[in-house]
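The values are calculated or read from the model by the stated rules, or taken from the named source; none is laboratory data. Owing to the predicted nature of the structure, the values given are computational and were not obtained by experimental measurement. Positions of Cβ are generated from backbone atoms using ideal geometry, with glycine treated the same way; all protein chains shown enter the neighbour counts. Areas reflect the complete protein model, heavy atoms only, side chains present, ligands, DNA and RNA absent. Shrake-Rupley method; radii C 1.70, N 1.55, O 1.52, S 1.80 Å.
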Amino acid sequence: MTAEFEHLVAEFERFQAGVRNADDRFVGLGAMQQQLTELRASAASPDGGVTVVTGPGGAVLDVKFTEAALAKGPQALSATLLATLREAVGEAARRQAVIVEENLGDDLGLVDQVLETQAVAFGTTVEELRAKLPEERAPEDFSEQRVLRPADPPPAPPAASPSAGDRFLRTLFEEED
């Protein structure tokens, strides 16, 4: 085999490995979709009188009131319900961001964006919201993985012996010096 042919075979093998790597990453999208579908977040008011359960996208799945919460009157119940809804919807959004980031990587800083937005909207700090996140798993190291790019720059083609034209040009330029 010639060196050029070997180089082409190596490039093709790297390309195939990149395609397999991309296929492996996309297989995980089904699992991510399942995780998102099963997502549930729950929040209770400080006194335990109102409980809200949310799902993907912050969809409200359930609301429960105790007798004590109902006895507080419409104004207090409304305020408690809104605060509890906000907490449950915020929790669902944070969990969604974590699931997406765990499966697709941190290229977009999705969790940080959600935390910053919620901190402003809820009048709190990013640190307080970060403390509510599920325990972080060690991030995967994708630095050694390749998708459709070679691992190393392709080697330079082997130096061929100078052609007659190259020798002529070298001789021509050397004589002018």
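For segment 43-51, the condition holds for no residue, the condition being that it is free of Cβ contacts under 8 Å to residues at least 40 places away in the same chain, within 14 Å of the chain's Cα centre (by Cα) and open to solvent by 50 Å² or more (accessible area, probe 1.4 Å). In the condition set (1) open to solvent by 60 Å² or more (accessible area, probe 1.4 Å); (2) farther than 29 Å from Pro134 by Cα, Val19 is compliant with all but (1). Scanning segment 66-110 for residues that are under 28 Å from the mean Cα position of the chain (by Cα), modelled with pLDDT of 90 or more and either open to solvent by 30 Å² or more (accessible area, probe 1.4 Å) or farther than 22 Å from Ala131 by Cβ (or both) yields Leu85, Arg86, Glu87, Val89, Ala93, Arg95, Gln96.
Scanning segment 98-130 for residues that are aliphatic (A, V, I, L, M) and more than 24 Å from Ser45 (Cβ to Cβ) gives Val98, Ile99, Val100, Leu104, Leu108, Leu110, Val111. Within segment 48-59, track down each residue that is farther than 13 Å from Ala93 by Cβ and either modelled with pLDDT under 95 or in a strand (DSSP E or B) (or both). Within segment 48-59, Val50, Thr51, Val52, Val53 qualify. On the given criteria, is Met32 within 23 Å of Glu135 (Cα to Cα) and either at pLDDT below 90 or part of a helix (DSSP H, G or I) (or both)? Here the answer is yes, as Met32 does meet what is asked.
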